[in-house]
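Worksheet for the structure shown next.
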Amino acid sequence: MLTLVNSAQANSEALTANASTPQVNEQQTPLRLTKSSISKIDLFDWLYIQSQRNIKQLEQVKLQPNQSWRKLSKRDLQLVGASDLWLSLSIFSPTDYQTKIIALDNPLLDSAVIYHHINGQLIKTTKWGDTLPFYYRPLESNTFLYSFDLKPNEMHQFYIKVDTHGSRQLPLTLWSPNDLTQMIETKNLGYGLQIGLLVAIGLFSLFIALATHSYSYSYYTGYVLGLALLISTIHGVAFRYLWPNMPMLQQVISPILIPFIMGFSLMFTEKVLLLKYNNLSMLRICRILAALCFSLSFILPFINYNLAVYILFGVITIVCVMLAVFSISQMWAGKPYARLYGLGRITLLLSCILTGMLYIGMINLNMDIQTPVMLGLTVEVITMAAVLAIRYHDERKSKMKIQQQALEQAERLRESREESLRAEAEANERLEQMVQERTLELEITLRELNEVNQKLTEQTTTDSLTGVKNRAMFDRRLIAEGRISRRQQTPMALLMIDIDRFKNINDKHGHLAGDYAIKTIAHALSENLKRPTDLVSRFGGEEFAIILPNTDETGALQVAEVIRNAVDSFTIHWDNNDIPLTVSIGVSVAVIESDKHPTALLEHADKALYLAKRSGRNQVCMYQQETDENKIT
């Protein structure tokens, strides 16, 4: 376990080298590491930049005099574009064997080549960058990673050649593997929440747009989904999962998406602020800028990248300023929705200004450059969603008011007719009243019957203790999914799950503790099934069964391991006692071939479960159909 100290201590320790520490040259100080060093080190203070330009080959770099290397400064990174930019880094371990990972957290970097030397000898060359397919990366991650082992008294020197059309930001960090994994998981969770929120809002708006034929929701849908794709691109998520084998698309997607998003934002502004009725000058400006933005989406991918960056910067600045001015003007005029809309636009403008100040070095905050604008965009999307929700509510109230007025007018007409035909009207009124009473009684009876039927259906398909589906529901679903598998020729997986040593829990802590354990396991199973088609049910006693449609052996084993690890990771507390829980899981997978095959598949899963229990419990076993033998995974 590495001992964590603060950054100042780490820098002091790393710069302190004893007399036996080998030096790369007189101009460069190596980073000295021991097992007591912190597990995360910012490498900026140990990076050196080659002052000579237009050096293409590593051999030419090695021939340069020591005086041509100088310490890297923040000014060197506050530029756009780099060609043949050479950096140097040296790391020395005097006594300890360590495994370290160098992380370069700039997913949009075009190209970086790292030359790894040990004691002056080149041992490995690795290429990074989004101009290469994703599978070229030595470690599969959105962040560029390079792993190496440090042995005692070894000097590791790295030459890094950078070529990029975008930002020069080179956030290089030295990590221990465990802490890097935790950092990546935390960061990916944040990315997932942000992207997931945008996608959810975008899809919700799309469904409302399709249902109501609303232009406002249509423009908002294009804006939000475009933002979700742009943020996925910036964080490297899109390149990893959507087009990993198309690096050319990765190079042009941002110049396409940014003006596309700005265009939809302008069209959305026109509708939300009702510029057609409130200000025709603003309306014309919005439409002209929107047309310009959509045109740039088709033009920018075909021009010089540096020029495209400056054009985008100018367009974004103009659009953000204009939208902020429009919103403030409409707020001042007291127009509806302008206050909330203005809050979102002003927040976005301020976040863009803060990001720009971070980019050019006017201020220095302990955050990524894109963090303020990402937060600003998220706040803006949420406020725009609130504007649409309020507007939808107001429109609905207005329609209801019109309907109410129409009903009142019809009522007055009916009353005037009743005055001229009083006798007939009274008879008709009594008859109508009787019909209404009978209709109301019938509606109440039908509603009560429907509620009873729903409760009865739920009771017959749900296990009362755990809240998951019961055995009867499992049997019906098994037959149905078996027919689908047979018709579509897709594999179906069954998981049989049994709580290990459940009898000991009942005997030692009582049946109430056993019931609590069963409910806890049921909740864990439900939480770890991600697809709506997957079914978890209580099979009987302490046994559960899971149906995984359209799932092969690999997917079934992966789900089973996730469930087993989830249960193994927590302990329930009962009467001041900690009760550990584990489960044994049997897995069977097959493409259903007959009506009797699902029952056979269930038997196979039960055999695999028996093997897991017999082999020591807390295991996942797969039933092998080819040889009728089981293996433990």
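The values are calculated or read from the model by the stated rules, or taken from the named source; none is laboratory data. Source: prediction; values computed, not measured. Cβ sites come from the backbone with ideal geometry, for glycine too, and all protein chains shown count toward neighbours.
Brief remarks on what is shown
- Residues of segment 220-253 classified as of a type in the set (Phe, Trp, Tyr) and in contact (Cβ under 8 Å) with a residue 24 or more places away in the chain, total: 3
- Criterion: among the β-branched types (Val, Ile, Thr), over 22 Å from the mean Cα position of the chain (by Cα) and over 18 Å from Trp46 (Cα atoms) - qualifying residue of Thr131, Thr143: Thr131
- If you check Leu58, Leu85, Leu72 for being out of contact with any helix residue (DSSP H, G or I) (no Cβ under 9 Å at 6 or more places or on another chain) and in contact (Cβ under 8 Å) with a residue 24 or more places away in the chain, only one passes: Leu58.
- Some residue of segment 551-560 being closer than 22 Å to Ile484 by Cβ, touching a residue at least 60 places away in the same chain (Cβ under 8 Å) and in a strand (DSSP E or B): no
- Condition check for Leu47: under 18 Å from His117 (Cα atoms), at pLDDT 80 or above and buried (at least 17 other Cβ atoms within 10 Å of the Cβ): yes
- Just one of the listed residues (Leu193, Leu189, Leu203, Leu266) is touching a residue at least 40 places away in the same chain (Cβ under 8 Å) and hydrophobic (A, V, I, L, M, F, W, C), namely Leu266.
- Residues that are charged (D, E, K, R) and over 22 Å from Gly129 (Cα atoms) within segment 73-92 comprise just one, Arg75.
- Cβ separations smaller than 6 Å between residues 6+ apart or across chains give the following pairs from segment 329-340 residues that are in the same structural domain as Leu273 (by TED's automatic domain parsing) to residues that are outside any helix (DSSP H, G or I) and at pLDDT 75 or above: Gln330/Leu273.
- Figure legend. Inter-residue proximity from segment 422-434: first residues at negative phi, second residues among the β-branched types (Val, Ile, Thr), beta-carbon distance below 9 Å, spacing 6+ or different chains. No pairs are indicated.
- Candidates Glu593, Glu603 - the one that is assigned to a helix (DSSP H, G or I) and surrounded by fewer than 18 Cβ atoms within 10 Å (Cβ to Cβ): Glu603
- Cβ-Cβ distances below 7 Å connect the following pairs, each with a first residue in segment 282-306 that is buried (at least 17 other Cβ atoms within 10 Å of the Cβ), a second residue that is polar (S, T, N, Q), and a separation of six or more residues or different chains: Cys286/Thr269.
- Segment 99-142, subset of a type in the set (Asp, Glu) and within 21 Å of Pro177 (Cβ to Cβ), residue modelled with the lowest pLDDT: Glu140
- Here is the figure for segment 143-167: residues that are modelled with pLDDT under 85 and not polar (S, T, N, Q) total 2.
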